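In what follows, a single structure is set out as structure tokens and then discussed.
Just so you know, all these numbers are worked out from the coordinates, no wet-lab data involved. This structure is a prediction, so every number in the text was calculated from the model and none was measured. In this analysis, Cβ positions are derived from the backbone assuming ideal geometry, glycine residues included, and neighbour counts consider all displayed protein chains.
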Amino acid sequence: MRADLLLDDIDGLDEALAAVDGFDASLVGGLLRPQPGQADGPAGLAAAVAGTPLAARVAEAAEKAVAGAGDEEHFVALAAARTALLGAVHDALVLRVDEAVGRPAADGTADPSAEAGAADASAPAPNLMAAARSWLCDLARAGWRGVDHDLVGGAAPVVSAMLADPALRRVATLLDGFAAELAACCPGAALERVPVRRWADLWSRALLLTLPGAAAAPATGSATGRLLPLGVDVHEHATAVQAQVHAVFEPAGGGAPRLVRASVSAPKPDTVVGAGLWQLLRPHMSLLAAVGEGRAVELEGMPVTAEGDLLWDDACARTGAEADVFATARVALPAAAAYAVAPLDRHPARIAVPVLVEGYRVREEAGGPEEDGGVVLDLAGCRLRVDTDRVPAAGPLTPKAVTASGACLGLLRWDAGEFLLQPLAVERTARGKSVAVHAGAWAGGTTDKAGVRAEKAATDAVTVLRERAGKLLRK
């Protein structure tokens, strides 16, 4: 990998992000009665898209917003311009990563019409979508400093009505989570620090998803061939957990290999942590057992979206032969192309590109791995920081294992202006032999003492909770 390319400046990147930051800052104080300093935000956004088809609409929207006269159509235009700029940033960063690792670029862009219903005028529940847009526009007018419980509470009836319709749950879940975050921070005027980028991301995405067809389920095809797992990325929340398996798919009968993902999610009590998470996930996806055992999976007609997400169905999969992750990374990964990303999903935070890094020296910054920080890989003088905060506690991989490694398979991400590496597995030498340590090694079960203890504690916690739930239901 040419790590030096990851450190080079990208033309226009800073300017695009500055335009987004300027607009986001205007949402802090709100657009109902904009202060003099807020005019630069919408105007800068309009200037950034001046050479695009959005130019006229965004220029008008910026003018109205600065005057405090912005309506629903204007806010939608501003959200679209902001999303387009971040999409351009995403594309530039992914192109730079492809150049650095020498991998084929994604073939074209996702077809908007493939989002099943993008042009369908009979979108579900138009009144509910309009109500959601109205609430989001009220948020933009009030700003994050103007948020209070009455304003946030306006989302509750809309979310409740949406949750009854499966076609609207994607939007409903986003609105519900967004409203919950805002409610936890009320009143906004008392906040010491506002999560400016995050709330602007949630606001603009929610607003665009309320448009006809935007939240429709993506079109799917089918995949038949061999799946070679690379690693597992674990996303944990107090009440939910998700495991996302990154893999290389080799089509049957030949054809270029592709990068794909398969995800499984489950609700969880906050007392289930660490290796206990696998107990909640295993029953829903046999792929986790294959990952833990280091095996390939043979797919037959597995549904796959236009973005490369496998809609996992155990009936379409059977466990295959042994498949060493690092052999896959060295042989199949360099030629595997990614699927195109749908327009609304193009965002820098979404970047997670599987890469293999070798031939580095490990340096430790202040804090050290014992304190979950400070691991840096030096590749021929180029510095690549390891995102140790993303190393899950649900496996044997630790920051200390990374410091003792000679090869690292991970996800290349971008955050706070730099590329970071999230480890999925490392190779290190122990007693003269090469040993691999995987973040998902316990996914299918484990004999590791620490893993067994964590699983037993999780089993006890789940048993107690089930007993209590059963008593409540009987009453």
Per 5 angstrom bin, beginning at 0 and ending with the bin that holds the maximum distance, the Cα pairs of the stretch 294-449 fall in percents of 2, 8, 14, 19, 21, 16, 11, 7, 3, 0, 0
In debye to the nearest 20, the charge dipole size for the chain, taken about the Cα centre with +1 at each Lys and Arg Cβ and -1 at each Asp and Glu Cβ, equals 1400 debye
HN-Hα couplings for the stretch 168-180 via Karplus (6.51, -1.76, 1.60; θ = phi - 60°), in whole Hz with x for Gly/Pro, come out as 10, 5, 4, 5, 4, 5, 5, 4, 5, x, 5, 4, 5
So, with points 7 Å from each Cα along the Cβ direction, the residue 197-residue 134 label distance in nm works out to 3.5 nm
In nm, the gap between the two label points placed 7 Å beyond Cα toward Cβ at residue 473 and residue 293 is 3.1 nm
Least to most buried among 24, 176, 324, by other C-beta atoms within 10 Å and fewest first, runs 324, 176, 24
Taking Cα atoms only, Rg over Rh for the chain with Rh from the Kirkwood formula is 0.97
For the stretch 331-345, in residue order, the Karplus 3J(HN,Hα) values (coefficients 6.51, -1.76, 1.60; θ = phi - 60°; whole Hz; Gly and Pro = x) are 9, 8, 4, x, 9, 7, 8, 7, 6, 5, 9, 4, x, 6, 9
The relative contact order of the chain, taking Cα pairs under 8 Å that sit 6 or more residues apart, comes to a percentage of 14 percent
The base-10 log of I(q)/I(0) that the Debye equation returns for the stretch 376-475 at q = 0.16, 0.24 Å⁻¹, one scatterer per C-alpha, is -0.78, -1.24
Rounded to the nearest 0.05, FRET efficiency between residue 430 and residue 331 (Cβ-Cβ, R0 22 Å) equals 0.40
Karplus-derived 3J(HN,Hα) from phi for the stretch 269-275 (6.51 cos²θ - 1.76 cosθ + 1.60, θ = phi - 60°), whole Hz, x at Gly and Pro, runs x, 6, 8, 9, 9, x, 5
Residue-normalised 222 nm signal for the chain, counting each DSSP H run of n ≥ 4 as -39,500 (n - 2.57), nearest 500 deg cm²/dmol, is -12000 deg cm²/dmol
Spelling it out for residue 219: with amide H atoms placed in the peptide plane at 1.01 Å from N, the residues 5 or more places away or on another chain with amide H under 5 Å from its amide H are 115, 116, 306
The size of the Cβ-based charge dipole (Lys, Arg +1; Asp, Glu -1) of the stretch 218-475 about the Cα centre, to the nearest 20 debye, is 540 debye
Amide H proximity to residue 395 below 5 Å, modelled H, separation 5+ or other chain, gives none
The exposure ranking of 10, 351, fewest beta-carbon neighbours within 10 Å first, is 10, 351
Cβ density ranking, 10 Å radius, fewest first, applied to 397, 259 yields 259, 397
Once the dipole of the chain is set up from charges on Cβ (+1 Lys and Arg, -1 Asp and Glu), the residue from the list 452, 263, 240 lying farthest towards its positive end is 452
